[in-house]
Amino acid sequence: MQDLSLFLLDLVQNSIRAGAGLVKIDIHENEKRDWLSIDIADDGRGMDDKTIKMVMDPFYTTRTTRKVGLGIPLFVAAVERCQGNVTIESTAGRGTKLKSGFLLRHVDRPPFGRLDSTVTTLIMCNPGIDFVYCHKTDSGIFTLDTREIREIMGEIPLEHPDVIGWIETYIRDGLKEIDGGVS
Amino acid sequence: MKTLKELEEIRQRTLEAINLRKDRNGIRVVVGMATCGIAAGARNVLTGLIDQIRDRRIQHITVAQTGCIGVCRYEPMVEVYYPGEEKVTYVNMTPEKVERVVTEHLVNGSPVTEYTIGAAEKIH
Ligand SMILES: Nc1ncnc2c1ncn2[C@@H]1O[C@H](COP(=O)(O)OP(=O)(O)O)[C@@H](O)[C@H]1O
Ligand SMILES: [Mg+2]
């Protein structure tokens, strides 16, 4: 995976496949402490402890189309290269929380990539799911909550070209404002 | 800085400009978004598709994503469903190829045969 925005897109696919109705993405860039954390929480069907253990193992997946689940192991490897770690907390029937933290300025840290594109495509393609994206830096916080946007838009779907275009610009401007997701 | 207030304006404008038809028999385009697809560039293919549809104001198209469509070496893959017709599967897509598919297939109705899985399988 070339950048963090692609890892994020891939990890959220797991939440979507788990039938989540709400997915929360939290990114925290802490320059002072040289630490970057990326957390994803969903209210999907969750996993039991045995599954969580196996999920960290690259030769496990519950999918039937291919035998090897790669997404999480790939992410864990990238995080560990940056002296970080990944934890998964999950309750069957309740949801899953994937937490990760690693060195922000590590030479091997993948670039952020296009976080605006990732979040926009997630919203565009999943009309039945709400997303809360919160990005924190030393200079501020940016938050996008599709539930708020839905409330304002009423019967107009978020996938409408004008709305989705607005969302993309809103994220891009919001991140710029706080110097977030730059490199 | 953009504010949520602007959304209210978009809402007004949109309500006036279009009638929100519940189009159930429109064209459906699906992009494969499994790990292999994403690693192979599926996100940019999807973004390209969304931009094209927006810029050209094409209506009656639903864009969706799905997990693994099947064959990693053919990713990024895009499927096009016309109501009542057999689906067309495009393989090894790029944002450039998407542009042609939008013009020739989604707007003009004729599939770009050379990008389809059928054409790819002949070569392999
Ligand atoms: N958020 C989640 N909720 C429920 N199950 C999950 C979640 N994330 C991962 N899993 C389980 O872990 C498996 C492995 O995930 P992953 O490593 O991304 O590989 P893949 O998505 O290709 O199966 C998934 O198939 C799924 O069963
Ligand atoms: Mg996965």
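The values are calculated or read from the model by the stated rules, or taken from the named source; none is laboratory data. Every value quoted in this text rests on a predicted model; they were computed, and no experiment measured them. As a convention, Cβ positions derive from the backbone with ideal geometry for all residues, glycine included, and neighbour counts pool all protein chains shown. Keep in mind that these areas ignore ligands, DNA and RNA; they rest on the heavy atoms of the full protein, side chains included. Shrake-Rupley method; radii C 1.70, N 1.55, O 1.52, S 1.80 Å.
I'd like to check something: does the stretch A:90-112 contain any residue that is touching a Phe, Trp or Tyr at 6+ places or on another chain (Cβ under 6 Å), within 24 Å of B:A40 (Cα to Cα) and either more than 16 Å from ligand 2 (Cβ to nearest atom) or modelled with pLDDT of 95 or more (or both)? Scanning the stretch A:90-112, I find no residue that is touching a Phe, Trp or Tyr at 6+ places or on another chain (Cβ under 6 Å), within 24 Å of B:A40 (Cα to Cα) and either more than 16 Å from ligand 2 (Cβ to nearest atom) or modelled with pLDDT of 95 or more (or both), so the answer is no. Among the numbered conditions (1) within 11 Å of chain B (Cβ to nearest Cβ); (2) more than 16 Å from ligand 2 (Cβ to nearest atom); (3) farther than 15 Å from A:F7 by Cα; (4) buried (at least 19 other Cβ atoms within 10 Å of the Cβ), the only one that A:P127 does not meet is (4).
Does B:V107 satisfy the condition of being touching a residue at least 12 places away in the same chain (Cβ under 8 Å) and open to solvent by less than 30 Å² (accessible area, probe 1.4 Å)? Against the criterion (touching a residue at least 12 places away in the same chain (Cβ under 8 Å) and open to solvent by less than 30 Å² (accessible area, probe 1.4 Å)), B:V107 does not qualify. A count restricted to the stretch B:101-124 and to residues that are part of a helix (DSSP H, G or I), closer than 21 Å to B:G26 by Cα and not polar (S, T, N, Q) stands at 6.
In the stretch B:1-59, what residues are farther than 22 Å from A:F75 by Cα, among the small types (G, A, S) and at pLDDT 90 or above? Matches in the stretch B:1-59: B:G48 only.
Tally up the residues in the stretch A:156-183 that are of a type in the set (V, I, T), part of a loop (DSSP other than H, G, I, E, B) and within 10 Å of chain B (Cβ to nearest Cβ), please.
Qualifying residue count for the region: 1.
Please indicate, with yes or no, whether at least one residue in the stretch A:141-155 is over 30 Å from A:E31 (Cα atoms) and assigned to a loop (DSSP other than H, G, I, E, B). The answer is yes, given that some residue of the stretch A:141-155 is over 30 Å from A:E31 (Cα atoms) and assigned to a loop (DSSP other than H, G, I, E, B). Just one of the numbered conditions (1) open to solvent by 10 Å² or more (accessible area, probe 1.4 Å); (2) closer than 30 Å to B:H60 by Cα; (3) away from chain B (no Cβ under 11 Å) is not true of A:C134: (2). For A:F75, the stated conditions hold: it is modelled with pLDDT of 95 or more, within 14 Å of ligand 2 (Cβ to nearest atom) and of a type in the set (F, W, Y).
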